[in-house]
Amino acid sequence: MSIIVFGVSHKTAPIDVREKVVFDDAQLGAALAGARTAVGAREAVILSTCNRTEFYLAGDGPPQGQLADWLVRFKALDPTLLDGHFYTLEGPQAIRHTLRVACGLDSMVLGEPQILGQLKQAYHASETEGSIGKTLSKLMQYAFTVAKKVRTETAIGQTPVSVAYAAVRLARQIHGDLKSKTALLIGAGDTISLVASHLRGQHIGRMIIANRTLARSEELARELDGEPIALTDVAQRLWEADVVVSSTASPLPIINRDAVEVAIRRRRYEQMFFVDLAVPRDIEPAVGELGDVYLYTVDDLNNVITENMELRQLAAAQAEEIVALHAQHFMDWLQSLDGNATIIAYRRQAEATRDELLDKAQRQLAAGGDPGEVLHALATTLVNKLVHHPTAKIREASVEGRTDLLLAARELLNIHGPGQ
C-alpha cells in the first residue's frame, strides 16, 4: 500500500495560482472521483484552503498518471500555470507531511489551530463521498491524535499568533485606538469569528457582520454584540467601516474598486483598512491602488507576523520530534499490512492444499482403503506439497550463491544448526 500527497501551498505558489485551484463543495465529489481515476488510487482526500490545495491518495502501487495534468484539465487552466508550484511526496515523506499539516507545522502562521479543523472537514467530506478507506482513514485519525498530543505537550498554541491576530494588529497600527472605530466583517466562518474575538479584545467600537445567509449573520452578531446585515447590503454600508475583513467562499470578488471609491468619498477620504483573507480573493486587487486605502491579503500578513514567534519556534522543535516518532509508527503499521496480506495468502494456499488432500483421503476411506495407509499417504503428500516450492527455491539460491536468501530461509523456516 502506498500513500502519496500532491499539492500546492503558500510555500510553493503565490495567491494568484492558489486561488485558481481551490475546490468548493459543489466540485468536491467529481474532483475526488477524478483524482482517484487519474492516478489509479483507491482512496482520496482533498484539503482545499486559502493557503493550500492538497490531494492525499492511497493505492496499491505508485501513481499511474499525472495528477497535475488532470488538475489542469479539470480546472481548465493554462497548462504552464502549475509549473514549479506543484509538489509530490510519497511514502514516509507523505506521512510526515500529513502529520505536520495537522499540527500546524507547515502553516503560514506556525502552529495555527484552524488547519486541524479544516483537515477534519476534508476527511468527513471524503467519507460522505465514499472516497476514503482503511488506509487514509487510519492516517487521518492518526494525524488528529498527533495534533492533539502536540497541542497538549508543547507550547506551540499558547501565544496569539494567527492570521486573525495579525489582521487586528495591523488595524491598530493604521488606526491606533480602535474604541471609536467600526469594523465590517464579511463571512461567518472560524476565521471571521477569530478576527471578531481579537477585535473585541481591542475594544472595537462597533462591528457589522455580513454573510450570504442573513440568519448566520444574526447568529454571529448575537454572539459578538454586533449588527447583522445581508451580503447584498455591503456596498451601501461600506462607508461606515474603518476596518473591513473578508473571508468567504465566494468564487467572485464581493467588493470592487467602484464601491470603495464611493465609500471613500462619502467618508471624506478618511482612511480605510481592508484585509482579504479569502482565496479566491473577495476584494478586487485594484482597491489597493486607491489613495487612503490599505489593502492586505493573506500573503501580505506573513510579513507582519513576528511577535511571539520565538516561543513557537522552540515549541515547533519539540513538535517535530513528536511528529517524526509517530510518522515512523504509522509507517511501521503501513508496512505490516503487506506482511498481513502475505500471511493470509500463504495460509489460504496451505489450507487449500490440506482440503484437497483431505477430500481425496476421505474418498479413499469410503471406497474401503486401509485407514493406516490412507493416513500415511495423506501426511506424506501434504509434507511434500508444502515443502516443494520452498525447497526448490533454496536449491536455486544455493546454486546462485545467494547467501542472503539462504539465511532468510533459515530464519523464516526456524531452522537451527548446520545439519538440522
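Where a number appears in this text, it was derived from the coordinates with a stated rule and is not lab data. Note that the coordinates shown come from a computational prediction; the quantities given were computed from them, not determined experimentally. A quick note on method: Cβ atoms are made from the backbone with ideal geometry, for glycine too, and the neighbour counts reach across all protein chains shown.
Couple of notes before you dig in:
- Proximal lysines relative to LYS20, as straight alpha-carbon distance under 26 Å, when same-chain residues fewer than 8 apart are discounted: LYS11, LYS75, LYS120
- Placing +1 on each Lys and Arg Cβ and -1 on each Asp and Glu Cβ, with no other charges, gives the stretch 1-137 a dipole about its Cα centre of roughly 220 debye.
- Residue-averaged 222 nm ellipticity for the chain, from DSSP H runs of 4+ at -39500 (n - 2.57), nearest 500: -17500 deg cm²/dmol
- Taking each residue as 0.36 nm, the span from ILE343 to LYS149 lengthens on full extension beyond its C-alpha to C-alpha distance by 66.5 nm.
- For the chain, the longest piece that avoids every one of the GluC sites (Glu not before Pro) found in DSSP loops with at most 14 other C-beta atoms within 10 Å covers 1-269.
- Note on the stretch 163-301: with charges restricted to the Cβ of Lys and Arg (+1) and Asp and Glu (-1), its dipole about the Cα centre is near 300 debye.
- Of the trypsin sites (Lys or Arg not before Pro) found in the stretch 127-181, those in coil by DSSP whose Cβ has at most 11 other Cβ atoms within 10 Å are LYS179.
- Taking the convex hull of the alpha carbon positions in the chain and averaging its projected area over all directions gives 30.3 nm².
- Per DSSP, loop chymotrypsin sites (Phe, Trp or Tyr not before Pro) in the stretch 194-300 with at most 15 further Cβ within 10 Å: TYR269
- Going from the fewest other Cβ atoms within 10 Å to the most, the residues ILE344, ILE4 appear in the order ILE344, ILE4.
- Ranked by how many other Cβ atoms sit within 10 Å of their own Cβ, fewest first, the residues ARG354, ARG222 fall in the order ARG222, ARG354.
- Likely footprinting exposure, LEU375, LEU185, LEU325, LEU136, fewest C-beta neighbours within 10 Å first: LEU325, LEU375, LEU136, LEU185
- Straight-distance candidates among the aspartates and glutamates for linking to LYS179, with alpha-carbon spacing under 14 Å and chain neighbours fewer than 8 residues away dropped: ASP242.
- Under the shape rule built on the C-alpha gyration tensor, where the axes satisfy a ≥ b ≥ c, the stretch 204-357 is prolate, since a/c reaches at least 1.5 and a/b is greater than b/c.
- Here the Gaussian network model covers the chain, with springs between Cα atoms less than 10 Å apart; of GLY133, GLY372, GLY288, GLY372 fluctuates the most.
- Two-site FRET efficiency, LYS11 against ASP69, from Cβ-Cβ distance with R₀ of 25 Å, rounded to 0.05: 0.65
- Rounded to the nearest 20 debye, the dipole size of the chain about its Cα centre is 460 debye, using +1 on the Cβ of Lys and Arg and -1 on the Cβ of Asp and Glu.
- For the stretch 348-412, the Kirkwood estimate of hydrodynamic radius, built from reciprocal distances between every pair of different alpha carbons, is 13.7 Å.
- Gyration tensor over alpha-carbon atoms, the stretch 2-157, equivalent ellipsoid semi-axes in Å: 23, 18, 14
- Reach of LYS360 by Cα under 21 Å, taken over lysines that are not fewer than 8 positions away in the same chain: LYS385
- Filtered trypsin sites (Lys or Arg not before Pro), the stretch 1-89: DSSP coil and at most 14 other beta carbons within 10 Å: LYS11
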